[in-house]
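Here's the structure, in C-alpha cells; my notes come after.
Each reported figure results from applying straightforward, stated rules to the coordinates on display, with no laboratory input. Since the model is a prediction, treat every value here as computed from it, not as a measurement. Here the Cβ positions follow ideal geometry from the backbone for every residue, glycine too, while neighbour counts run over all protein chains shown.
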Amino acid sequence: MKMFDHHIHMTSRTTDDYRAMANAGIVAVIEPAFWVGQPRRHVGTFEDYFLSLVGWERFRARQFGIRHFCTMALNPKEANNPDVAPGVIELLPIFLEKDSVVAVGEIGFDDQTPAETKYFEQQIQLAIDFELPVLIHTPHRDKKAGTTRSIAVVSASGIARERVLIDHNTEETLPLVLESGCWAGHSIYPDTKMDEPRMVELVKHYGSWHVTVNSAADWGVSDPLKVPKTAQAMLDAGIANSDVETIVWKNPVTIFGQSGRLDLGEAGERPRVDQTELWEGNSVLRGQKPVIAAE
Ligand SMILES: [Zn+2]
C-alpha cells in the first residue's frame, strides 16, 4: 500500500530514516515549516530554513525515492517573538509561490496569546489569497479549548472548510473537528498524545471520512515509521483495506491536491532514484557507489 506522511520534519531526520520509510511504503511526505527547538534571533535564519525546505531537503528525499513537499508559515510559538514575527510574515509571499509549497502551515495556537491569534488570522488570509490549503497545529496544553478556538478562527475567516486540516487530534477533539467540516489529522507518537491502538479505536468508531494520520516526527522523541505502523495496526484489527488506504493516501492527496501543486507523477509512483545527481554541486553520498534505478 502506498503511503503519504503529510506531517514530518525530515530536516531533523537521517538518511537511514528515508531508507526505512521508502522500504515501508512511504512514497511522499510533507514537511511543515516549524519551530526548531530554540528561539531564532534573525529573520534571515527563517529565510535560509525556508530555502532548505524547497531546495536541499526536497532533493535529499528524492535521492531515496520519496517525493517531498512542504508547507510555509510563521509557526505559532514564534508568533510571540516581536523581533522576528513581522519580518517572517513579509517573507512568506515569495515562498507561497514556490512549486513544492502545498499549503500554509503549520499555523494556529501554542499558548493561545493575542499575538498568536493575530498571526493565525493573517496567515489564513494569505492562504485565501494564494488559494492554498492550511495546516493547523493544535496546542498540547488546553487542547480542547485551543481546537474550539481554532475552528472559530477558521469560521470567521471565510476559508472553505474543505481546505483546512486541523492536526494533532485526540478522542476529545476529533468529533469537534469532524463536525466542523474540516479535515482531522492525528499525529501518532511513541507513548504520548495518540498511539496505534487508540487510533484503531477512533477509526472503528468514526470511519475514514476526513481522517488522516501522520508521524509528526522531528528532533524530539518520535518515530518516522508511525504511518506504516498505524496502517498495519488498522489492517490487523480488521479495518477494511479501502478505509486504510483512504486514511494513509487518498485523504492527504485530496487535501493538499487542492493546491494544484501536488505532483505525484502519473499514478503516485515513486520518483526515479539517481544518486549521481547533485544539488548545487553537493551529493548525499560520502564516496559510496550511487544507486541508479532502472528506467
Ligand atoms: Zn510539526
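Just one of 147, 170, 138 is surrounded by fewer than 17 Cβ atoms within 10 Å (Cβ to Cβ), hydroxyl-bearing (Ser, Thr, Tyr) and within 19 Å of the chain's Cα centre (by Cα); which is it?
Values: 147 fails: surrounded by fewer than 17 Cβ atoms within 10 Å (Cβ to Cβ); 138 fails: surrounded by fewer than 17 Cβ atoms within 10 Å (Cβ to Cβ).
Checking each option against the conditions leaves just 170.
Checked against (1) within 24 Å of residue 259 (Cβ to Cβ); (2) within 16 Å of the ligand (Cβ to nearest atom); (3) polar (S, T, N, Q), residue 38 passes all but condition (1). Residues that are β-branched (Val, Ile, Thr) and either within 15 Å of the ligand (Cβ to nearest atom) or within 27 Å of residue 261 (Cβ to Cβ) (or both) within region 102-132 comprise 102, 104, 107, 124, 128, listed in sequence order.
Taking every residue in region 201-218 that is within 16 Å of the ligand (Cβ to nearest atom) and pairing it with any residue that is of a type in the set (Lys, Arg) and not in a loop (DSSP other than H, G, I, E, B), at least 6 positions away or on another chain, the pairs with Cβ-Cβ distances below 8 Å are 213/226; 214/226; 215/226; 217/226.
How about region 250-280: which of its residues are part of a helix (DSSP H, G or I) and not charged (D, E, K, R)? Can you show your working first?
Taking region 250-280 and keeping what is part of a helix (DSSP H, G or I), we get 250-257.
Of everything in region 250-280, those that are part of a helix (DSSP H, G or I) and not charged (D, E, K, R) turn out to be 251, 252, 253, 254, 255, 256, 257.
Being away from the ligand (no atom under 16 Å from the Cβ), under 17 Å from the mean Cα position of the chain (by Cα) and buried (at least 22 other Cβ atoms within 10 Å of the Cβ) is a description that applies to residue 28. The residues listed here are 165, 178, 235; of these, the one that is touching a helix residue (DSSP H, G or I) at 6+ places or on another chain (Cβ under 7 Å) and assigned to a strand (DSSP E or B) is 165. Of the residues making up region 117-141, those that are in contact with a Pro (Cβ under 8 Å, 6 or more places away or on another chain), more than 18 Å from residue 97 (Cβ to Cβ) and in a loop (DSSP other than H, G, I, E, B) number 1.
Examine region 7-21 for a residue that is hydrophobic (A, V, I, L, M, F, W, C) and closer than 19 Å to residue 274 by Cα, and state whether such a residue exists. So that I can check it myself, show each step before the final result.
Step one: filter region 7-21 for residues hydrophobic (A, V, I, L, M, F, W, C), giving 8, 10, 20-21.
If we keep only those that are closer than 19 Å to residue 274 by Cα too, we end up with 20-21.
Looking for residues that are hydrophobic (A, V, I, L, M, F, W, C) and closer than 19 Å to residue 274 by Cα, one finds at least one in region 7-21, hence yes.
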